[in-house]
1. Kirkwood hydrodynamic radius, computed over distinct alpha-carbon pairs, for the chain: how many Å, to one decimal?
2. Students often check this: by mean Cβ neighbours within 10 Å, which of 306-312, 217-223 ranks highest, and how do the rest follow?
3. In square nanometres, what is one fourth of the surface area of the convex hull spanned by the alpha carbons of the range 262-335?
4. Taking the alpha-carbon distance from Lys85 and a cut-off under 13 Å, which aspartates and glutamates remain once sequence neighbours fewer than 8 residues away in the same chain are dropped?
5. Does the range 68-110 come out rounded, prolate or oblate by the C-alpha gyration tensor, with a ≥ b ≥ c the root eigenvalues, rounded set by a/c under 1.5 and, if not, prolate when a/b is larger than b/c and oblate if not?
6. Once the range 108-239 is represented by equal point scatterers at the alpha-carbon sites, with solvent omitted, what log10 I(q)/I(0) does the Debye formula produce at q = 0.09, 0.16, 0.20 Å⁻¹?
7. Counting only protein heavy atoms and a 1.4 Å probe, tell me what percentage of the chain's accessible area is made up of carbon and sulfur.
8. Put a dot 7 Å past each Cα toward the Cβ at Ala269 and Glu294; how far apart are the dots in nm?
Amino acid sequence: MGEKQRIAVIGAGLTGLTVARALAETASVAVIEKSRGLGGRMATRRAEPFAFDHGTQYFSAKSPAFETFLAPYIAAGTVKPWAPKSVILPQDAGDAPVWASPRYVAAPSMTALAKALASDLDVTRGWQVETLHREQAGWLLINREGQQLGPFDWVVSTAPLPQTAALLPTSFAGGSAFSQARMQGCYSLMLGFADPLPLAWEAAWVREGPLAWIAVDSSKPGRGGPQAIVAQTSNDWAEANLERPQEEVRDELRDAFATATGQDPSGAAYISLHRWRYANVPVPADAPFLIDQESGLAAAGDWCGAGKVEAAFESATALAAALMPSLQGARVLTP
Ligand SMILES: Cc1cc2nc3c(=O)[nH]c(=O)nc-3n(C[C@H](O)[C@H](O)[C@H](O)COP(=O)(O)OP(=O)(O)OC[C@H]3O[C@@H](n4cnc5c(N)ncnc54)[C@H](O)[C@@H]3O)c2cc1C
C-alpha cells in the first residue's frame, strides 16, 4: 500500500473539523485555522467574569445522521439540550414558537464541541491562508508572511463562501456556485450585568426594530456565572448597517435592547459589539459541496445548505464520503 494522501483542510469550524475527522484514518489530514480559537462561528467571547456565545445561539439535529454524530458528545455532557423559557417581543406579537425537535448548545460554552472534535487532530492555529500555489508535488499554502505549508494532494476550503471564493483559483471547476450563493451579516451585542436585569424569560424573538433575537446566555446549561446577554440583529438590518461606525451601532443596539425588553441596560458592567460579515445564508450553493478532482480542490460549508450548524455537518459528511474513494485509490464522484 502506498503512502497516505495529504489533505489540507482550511478552517476549524464544524465543517472543517467534521471533514478532518471523517478522513483522518484514511489520509494524512492537517487542519489550518486563522484564529487562535476553534469553532469558527460556533464562538464564545470570554470577558471575565462573563462568557457570551456571540455567534451560533443553539443548533438543531433533525437528521438521524447528525443525532448519531452528536450522541457521544451528548453522553459526555459536551452537548446539552436547551429548552429556554421563550417569549416574543413585543409581548402582544404572538406566542413563541414551539420547537418540535430538540435544540442543543455545547457546554460549558459553544466552542466546547469544536475543542472535543479537534482533540486528536493535527490543527495549526493562528495561521491564515493567503494564497494557494500549485507545484509538481502538490498544493502549497502560503500565509501573509510568506511562510508555506505543504505540499498537499488535496486542499479543502471550509471558509465562508466569499473567503473560499477568494482563495480558490478562478479555474476551480465548482466556481460557478460562488456567484449564485449569498451570505448575510449579523451584529451581536454583548451585555454583562453584575446586578442581573429582572427578565422573566431566557430567550426572546424580537419582531420590531433592528434586533431579532435575545438570549440570556448565562442561563444556558453548563454555564452559570453573572448574567450574560447576547442580542442579535436581523440579517437585513446588519447588511444595511455593516459599514457604519461601530460605536454608533453599539449605542443604537443598546437602545433597541431597552425598547424591546423594557429594561435599562445602562448599568451593564460589560458591553461590546461583534460584527459578523458572514453569518447566514439566504441563497445557498446548488450543490452539497464543491469539488474539482482534476486539480485536487474542494469546498464545503453551511453555505452549501441552510446556513446552520446542521447544514455545515451535512456538507462536510457529503464531501468526506465523496473524497473517500479517491483517497483509497478510486475516482471521486462529483455531486
Ligand atoms: C451571529 C450568528 C448566529 C448564528 N446562529 C445560529 C443558530 O442559532 N443556529 C445554527 O444552527 N447556526 C447559527 N449560525 C450559523 C452557524 O454558526 C454556522 O452555520 C456554522 O457554524 C458554520 O460552520 P462552518 O464550519 O461551515 O463555518 P465557520 O464556523 O465560519 O468556520 C470556518 C473557519 O474557517 C476559518 N478561516 C476562514 N478563512 C481562513 C483562512 N484564509 N485561513 C485559515 N482559516 C480560515 C475561520 O476562522 C473559521 O474558523 C449563526 C452564525 C452567526 C454568525
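The values are calculated or read from the model by the stated rules, or taken from the named source; none is laboratory data. What you are looking at is a predicted structure, and each value in this text was computed from that prediction instead of being measured. Methodologically, a virtual Cβ is constructed for each residue, glycine included, from the backbone with ideal geometry; neighbour enumeration extends over all protein chains shown. What goes into the accessible areas is simple: the full protein's heavy atoms, side chains included, and nothing from ligands, DNA or RNA. Shrake-Rupley method; radii C 1.70, N 1.55, O 1.52, S 1.80 Å.
1. 20.8 Å is the Kirkwood radius here.
2. Numbers: 306-312: 22.6, 217-223: 19.9.
Per-residue mean Cβ counts within 10 Å order the peptides as 306-312, 217-223.
3. 8.1 nm²
4. Asp95, Glu202, Asp217
5. prolate
6. At q = 0.09, 0.16, 0.20 Å⁻¹ the computed log10 ratios are -0.48, -1.01, -1.17.
7. Looking at the chain in its full context, I get 50 percent from C and S.
8. Output for this residue pair reads 6.1 nm.
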